[in-house]
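**Q** Questions regarding the structure given below will be posed in turn.
The values are calculated or read from the model by the stated rules, or taken from the named source; none is laboratory data. Here the structure is a predicted model, which is why all the values come from computation and not from measurement. Neighbour counts are summed over all protein chains in view; Cβ atoms, including those assigned to glycine, are modelled from backbone coordinates with ideal geometry.
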Amino acid sequence: MNRRLTHKVLLLHLSIVAGLFLAQFFLPEYHHTNLARIMVLATFAAGYNVLFGYTGLMSLGHAMFFAAGMYATGLSVYYLDFGALSAFFLGIAAAAAVAVLFGLFALRTSGVSFLIVTMMFGQACYLTILYFNTITLGDQGFTLSNNLAPLEIGQQQFAFSNPSVKFNGAWILFSISFVLSMVIAASPLGRVLVAIRENDERTKLLGYNTYLYKLMALVVSGSIAGAAGAGYALLFSYVGASFAAILYSIYPLLWTLLGGAGTTLGPLIGTGTMFYLIDIASGYTTAYLFVVGGSLLILVLWFPKGIVGSIRDRWIKWLP
């Protein structure tokens, strides 16, 4: 990537970040809330994209990291009266710790075996949450609206019930993950991860410790997913076991594939597209999943590498 194209990529990312920020002043209330939720979920997908899109490791247990961040944050607020920032960083730390412990075992496998191991660990996490329902409140979950104090910055207080605070909190969270994805993609680390994705054995022959790089990718991926879970708990004041179920491990895979695996824009485009496909179809029929499935099938046929990935292949070669 030459210097001129690097400036193009940077300008594109900054324009998208600025555009999302300005959108809050023009969107009606319904779409304002939807976009905030999409940005948090797109952060989750961005974390998944680091592992799957760049490193080539498909996981069916990523809800475990999302839930680790969510529950570490939620439980610390609910039972220990933690403030928002301390609870948020505790959530990221918990997700990173789970990723390290998980990676030490799971990365000894590869391919389909890795996929199965991730699913087993993810389900174990979900069942653990249900088993300790006296603490986690199981499927019912719990809300934080009565326990979460407003965030204080200087003399200002920001209540999480305020739609503007929700939106800007989601925007900050997504913007950081979005820019971080761009930095990783352009860095030597990102190039090694792509090399591992393309040919693990040849990368080993070049002298790289692929196990260590995969572990790094997993920890970064899990930490971003955990940040999304922590952010969701704080911004939407709800923590529930459904976010640890296998469906929330399938969602980021679909969002990433739909938007374009291995692209920085893919997670946002994929998450937003699928969110509104479900939202619009459910307004017309109770069998909305058939409509969504058919729409996704058409999109995959026309854009086999995802929306952004196919646009990059066919028209705009410099897209990251």
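Results for (1) crowded, with 17+ Cβ neighbours inside 10 Å; (2) basic (K, R); (3) not in a loop (DSSP other than H, G, I, E, B), shown as yes or no for each residue.
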site: I129; (1), (2), (3): yes, no, yes
site: Q140; (1), (2), (3): no, no, no
site: L148; (1), (2), (3): yes, no, no
site: E152; (1), (2), (3): no, no, yes
site: F160; (1), (2), (3): yes, no, no
site: S164; (1), (2), (3): no, no, yes
site: S175; (1), (2), (3): yes, no, yes
site: M182; (1), (2), (3): yes, no, yes
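**Q** Kindly indicate whether F26 is over 13 Å from the mean Cα position of the chain (by Cα), in a loop (DSSP other than H, G, I, E, B) and farther than 21 Å from I246 by Cβ.
**A** Answer is yes for this residue.
**Q** Residues in segment 238-262 that are small (G, A, S) and either assigned to a helix (DSSP H, G or I) or at pLDDT below 95 (or both): how many?
**A** So the answer is 5.
**Q** Out of L265, L235, L218, I need the residue that is modelled with pLDDT of 95 or more, surrounded by 19 or more Cβ atoms within 10 Å (Cβ to Cβ) and touching a Lys or Arg at 6+ places or on another chain (Cβ under 7 Å). Which one?
**A** L235 is the lone residue from the list that is modelled with pLDDT of 95 or more, surrounded by 19 or more Cβ atoms within 10 Å (Cβ to Cβ) and touching a Lys or Arg at 6+ places or on another chain (Cβ under 7 Å).
**Q** Taking the residues in segment 24-62 that are of a type in the set (S, T, Y) and in contact (Cβ under 8 Å) with a residue 24 or more places away in the chain as candidates, determine which candidate is surrounded by the fewest Cβ atoms within 10 Å (Cβ to Cβ).
**A** Filtering segment 24-62 for residues that are of a type in the set (S, T, Y) and in contact (Cβ under 8 Å) with a residue 24 or more places away in the chain, the one surrounded by the fewest Cβ atoms within 10 Å (Cβ to Cβ) comes out as T33.
**Q** Is it true that S282 is of a type in the set (G, A, S) and either modelled with pLDDT under 95 or surrounded by fewer than 16 Cβ atoms within 10 Å (Cβ to Cβ) (or both)?
**A** Considered against the rule, which asks whether it is of a type in the set (G, A, S) and either modelled with pLDDT under 95 or surrounded by fewer than 16 Cβ atoms within 10 Å (Cβ to Cβ) (or both), S282 comes out as yes.
**Q** Also, I was wondering about something else. Restricting the first residue to segment 243-262 and requiring it to be among the aromatic types (F, W, Y), which pairs with a second residue that is part of a loop (DSSP other than H, G, I, E, B) and surrounded by fewer than 21 Cβ atoms within 10 Å (Cβ to Cβ) meet a Cβ separation below 9 Å and a spacing of at least six or different chains?
**A** Close Cβ pairs (under 9 Å, with a partner that is part of a loop (DSSP other than H, G, I, E, B) and surrounded by fewer than 21 Cβ atoms within 10 Å (Cβ to Cβ)) amount to F243/G141.
**Q** Looking at segment 285-320, which of its residues are of a type in the set (V, I, T), surrounded by 12 or more Cβ atoms within 10 Å (Cβ to Cβ) and either over 20 Å from A45 (Cβ atoms) or in contact with an Asp or Glu (Cβ under 9 Å, 6 or more places away or on another chain) (or both)?
**A** V291
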